[in-house]
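In what follows, a single structure is set out as structure tokens and then discussed.
The numbers here are math on the coordinates, done by the rules we state, and not lab data. The structure presented is a predicted model; accordingly, all values stated were derived computationally and were not measured. Glycine also receives a Cβ, built like all others from the backbone with ideal geometry; neighbour counts cover every protein chain displayed.
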């Protein structure tokens with residue numbers, strides 16, 4: 001984990017250090033299906049997925065949202081707080097895809113006694129496709 005950001009050092013428009021996840025595996029999708037209780041077969045049964053018009057099984061949207069959550073919590077450190085986190089599922093990711101989570105600082109401000117930062121965040125695969133765009137607001141400790 002990197003050092004938590006210092007409020008005074010943050011600049012609107014600044015890119016955050018990316019988080020690169022290892023290539024997705026079918027085993028990971030099966031394990032996430034069990035953990036999230038999402039057993040829709042498009043996430044682990046290739047024949048079922050292909051019979052329903054997909055090229056292969058696809059990653060759960062919620063798994064990619066979890067990657068977004070890891071990205072921002074790693075960045076803010078143990079003393080920061082996530083105030084808002086949301087995303088949209090706009091594209092599919094498949095086993096073998098390497099997911100990179102990226103983000104930029106949109107706004108830095110103080111409200112209700114907190115130092116807040118609004119972020120644009122997203123997942124991106126090795127084809128450069130932004131598959132899960134999102135927004136977050138975090139409160140920093142310092």
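Output the 0 to 90 degree angle, nearest 10, between the alpha-carbon long axis of helix 61-76 and the longest principal axis computed from the alpha carbons of the chain. Roughly 30 degrees, rounded to the nearest 10. With R₀ fixed at 25 Å, the C-beta to C-beta distance from residue 47 to residue 88 puts the FRET efficiency at about 0.30. Relative contact order of the range 61-137, taken over Cα pairs closer than 8 Å and 6 or more residues apart, is 35 percent. For the chain, calculate the relative contact order in percent as a whole number, restricting contacts to Cα pairs under 8 Å that are 6 or more residues apart. So the answer I get is 30 percent. Helix 26-36 and the longest principal axis of the Cα set of the chain meet at an angle near 70°. Rounded to the nearest 500, the helix-only mean residue ellipticity at 222 nm of the chain stands at -7000 deg cm²/dmol, with each DSSP H run of n ≥ 4 adding -39,500 (n - 2.57). Treating r as the C-beta distance of residue 98 and residue 6 and R0 as 35 Å, the FRET efficiency rounds to 0.70.
For the listed peptides 94-102, 28-36, 47-55, a ranking on the average number of other beta carbons within 10 Å per residue, highest first, reads 94-102, 28-36, 47-55.
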